[in-house]
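Heads up: the structure comes next, in structure tokens.
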Amino acid sequence: MVAGSDSEITHIQLQLLKITKRNLFILPTYFWGKSLYSVCMTFENIEKTIREKLSYAPQLGAKIKLDFGDDGLILIDGTQNPAVMSNDDDDADTTFLCSLDLFTKIADGTQDPTMAFMTGKLKIQGSMGYAMKISALLGD
């Protein structure tokens, strides 16, 4: 095969095909200069991860909203047991406002949530007590 031809399948393309089947996508990050690859979760994967973590958690006793702006939102009704998740834009006891990209970094451990809050990348409205509960839950 000739390097660079359309018929050549590179290692990166093979990795992309494997990971895409798991509902993730992978981007080379030499554009951003961080590492060879950057794995990004889709909104659906974030919902699945939160749902799994909630299934093992005690009752939250509050409604928590994760607002990702134009990328969507997740409302966790922790007043019910088990907690119920939806994409409704209802009132919540605590609301997290951030980009989906930032939340992904917080979830995978590459972004410290406290630092994100202190720098204004993550905004929290409502009860800080519930914010700490959900942060502890998502951090496990």
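The values are calculated or read from the model by the stated rules, or taken from the named source; none is laboratory data. As the structure is a prediction and not an experimental result, all values here were calculated from the model. All Cβ positions, glycine included, derive from the backbone under ideal geometry; neighbour counts span all protein chains shown.
For this structure, a couple of remarks:
- Residue pairs whose Cβ atoms lie under 6 Å apart, sitting 6 or more positions apart in sequence or on different chains, and linking a residue in segment 83-108 that is within 12 Å of Ile64 (Cα to Cα) to a partner that is aromatic (Phe, Trp, Tyr), are Asp93/Tyr130; Thr94/Tyr130.
- Residues that are closer than 19 Å to Lys105 by Cβ, at pLDDT below 50, in a loop (DSSP other than H, G, I, E, B) and aromatic (Phe, Trp, Tyr) do not occur anywhere in segment 16-25.
- Qualifying residue in segment 126-133 (condition: hydroxyl-bearing (Ser, Thr, Tyr) and within 14 Å of Leu66 (Cβ to Cβ)): yes
- Matching option when the condition is over 17 Å from Leu60 (Cβ atoms) and under 14 Å from the mean Cα position of the chain (by Cα), among Gly109, Gly120: Gly109
- The residues of segment 88-140 that are in a helix (DSSP H, G or I) and of a type in the set (S, T, N, Q), listed by number, are Thr104, Thr114, Ser135.
- Filter result for the condition that a residue is of a type outside the set (D, E, K, R) and modelled with pLDDT under 90, over Ala62, Ala92, Ala136, Ala116: Ala136
- Filtered residues of segment 41-57 (kept if surrounded by fewer than 16 Cβ atoms within 10 Å (Cβ to Cβ), of a type in the set (Val, Ile, Thr) and in a helix (DSSP H, G or I)): Thr49
- As a summary of the residue check, Gly72 satisfies the conditions (1) surrounded by fewer than 12 Cβ atoms within 10 Å (Cβ to Cβ); (2) modelled with pLDDT of 50 or more; (3) within 15 Å of the chain's Cα centre (by Cα) except for the one numbered (1).
- Exactly one residue out of Asp112, Asp108 is of a type outside the set (Val, Ile, Thr), closer than 16 Å to Ile50 by Cα and in the same structural domain as Ala57 (by TED's automatic domain parsing): that is Asp108.
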